[in-house]
Amino acid sequence: MTEQPHITRRHPLRDSRIDQDTARQIPDTPQTRSPSYPLAFNDPEFMLRDQLRPVRLQLELLKPEIMMEEFGVESTIVMFGGARIPAPDQRHTAKTETLAELSSFYDEARDFARIMTERAKNNGHKENVIVTGGGPGVMEAGNRGAKDAGGLSMGLNIVLPHEQAPNEYVTPELCFNFHYFAVRKMHFLMRAKAIVVFPGGFGTLDEMFESLTLIQTGRMNQVPFLLFGKSFWEKIINWEALADAGTISRDDLDLFKFVETAEEAVAAIDSWTAQEERRANIPGR
């Protein structure tokens, strides 16, 4: 049997790929049909056992990490936002008038991603790579804008009951699928140089508050953090009430800025004054 091409090995031991192929050619016997016989790493039923959850968590962390490193991705611009926001030319499909009005943010997301990706050409598209959740709506707009600029973009999909294909604008080699929300969130933020958040629902709110909490508590560097659509965010979240109540510090309101357009967002990133370092202490504590 001809050995399959693979990465140069650092030891003289037999390649697991060879054993995987060899095992497929074994005689069919009661022993080889037993669930105990398949190679552990090549046994889906074994890998899906509850006891293997720590291994699956590790694999979901490792697979995208290794592939991003091999592709040369060094830093990202994270884009969160609603899956239900349509493109302006599809606003007639919106289920509510508010969603139809929010369609303007599709174009802003697309323009923002295009501008940031065009700027990344100087570093070979390895820095400030656009990353979205890989779905429709604002996520599609982000990946689409990166493609408009002839650049790369990432999509971090998650398996949901209403499973859908990733949007067509994600760079195929940088399109990942996750089972664990927690690991997916880690990959969103591990290389983040800026976070921009567009109007959205529970998922967007979850991603926004988790990211803000990491920055607020000093668990993550203070990166540019922009919320598109001040009227939307002030309508659904009473930020001032949180500060007045003392449940957050008034200084925490400086961790993010409101913007309305792609150009304003780019300017805010360029003029961001917060140091890219973790907080040494939490104001108000």
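The values are calculated or read from the model by the stated rules, or taken from the named source; none is laboratory data. Just so it is clear, the model here is predicted, and its values are computed rather than measured. Cβ atoms come from the backbone with ideal geometry, glycine included; neighbour counts cover every protein chain shown.
Can you tell me how many residues in region 37-60 are polar (S, T, N, Q), out of contact with any helix residue (DSSP H, G or I) (no Cβ under 6 Å at 6 or more places or on another chain) and surrounded by 10 or more Cβ atoms within 10 Å (Cβ to Cβ)?
So the count comes out to 1.
Kindly check whether there is at least one residue in region 137-149 that is of a type outside the set (D, E, K, R), within 20 Å of Glu65 (Cβ to Cβ) and crowded, with 21+ Cβ neighbours inside 10 Å.
Within region 137-149 (the criterion being of a type outside the set (D, E, K, R), within 20 Å of Glu65 (Cβ to Cβ) and crowded, with 21+ Cβ neighbours inside 10 Å), the answer is no, since none of the residues qualifies.
Quick check on region 124-133. Is at least one of its residues at pLDDT below 95, out of contact with any Lys or Arg (no Cβ under 8 Å at 6 or more places or on another chain) and part of a helix (DSSP H, G or I)?
no
Please determine, by comparing only the residues of region 69-81 that are closer than 15 Å to Val170 by Cβ and either surrounded by fewer than 15 Cβ atoms within 10 Å (Cβ to Cβ) or more than 12 Å from the chain's Cα centre (by Cα) (or both), which one is modelled with the lowest pLDDT.
Among those that are closer than 15 Å to Val170 by Cβ and either surrounded by fewer than 15 Cβ atoms within 10 Å (Cβ to Cβ) or more than 12 Å from the chain's Cα centre (by Cα) (or both), it is Phe71.
Is it the case, given these coordinates, that Thr117 is in contact with a Leu (Cβ under 9 Å, 6 or more places away or on another chain) and closer than 30 Å to Val266 by Cβ?
Yes.
If I filter region 161-172 for residues that are in contact with a Phe, Trp or Tyr (Cβ under 7 Å, 6 or more places away or on another chain) and not polar (S, T, N, Q), do I get at least one hit?
no
Can you work out which of the residues in region 92-113 that are free of Cβ contacts under 8 Å to residues at least 40 places away in the same chain and either aliphatic (A, V, I, L, M) or touching a strand residue (DSSP E or B) at 6+ places or on another chain (Cβ under 9 Å) (or both) is nearest to Phe188 (Cα to Cα)?
Leu99
Give region 30-62 a look and list any residue that's within 23 Å of Arg17 (Cβ to Cβ) and among the hydroxyl-bearing types (Ser, Thr, Tyr), or say none.
Scanning region 30-62 gives Thr32, Ser36, Tyr37.
Looking at the structure I just gave you, is Phe176 of a type outside the set (Gly, Ala, Ser), assigned to a helix (DSSP H, G or I) and within 19 Å of the chain's Cα centre (by Cα)?
The answer is no for Phe176.
Residue by residue, here is whether (1) among the charged types (D, E, K, R); (2) in contact with a Gly (Cβ under 7 Å, 6 or more places away or on another chain); (3) free of Cβ contacts under 8 Å to residues at least 24 places away in the same chain; (4) not in a helix (DSSP H, G or I) holds:
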{"site": "His162", "(1), (2), (3), (4)": "no, no, yes, yes"}
{"site": "Tyr169", "(1), (2), (3), (4)": "no, no, no, yes"}
{"site": "His187", "(1), (2), (3), (4)": "no, no, no, no"}
{"site": "Lys193", "(1), (2), (3), (4)": "yes, no, no, yes"}
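Return the only residue of Gly246, Gly284, Gly229 being closer than 23 Å to Glu108 by Cβ and either touching a residue at least 24 places away in the same chain (Cβ under 8 Å) or surrounded by 11 or more Cβ atoms within 10 Å (Cβ to Cβ) (or both).
Only one candidate qualifies: Gly229.
Across region 249-275, which residue is surrounded by the fewest Cβ atoms within 10 Å (Cβ to Cβ) among those that are among the small types (Gly, Ala, Ser) and part of a loop (DSSP other than H, G, I, E, B)?
Only one residue tops the list, namely Ser271.
May I ask you to verify whether Arg278 is surrounded by fewer than 15 Cβ atoms within 10 Å (Cβ to Cβ) and within 22 Å of the chain's Cα centre (by Cα)?
In short, yes.
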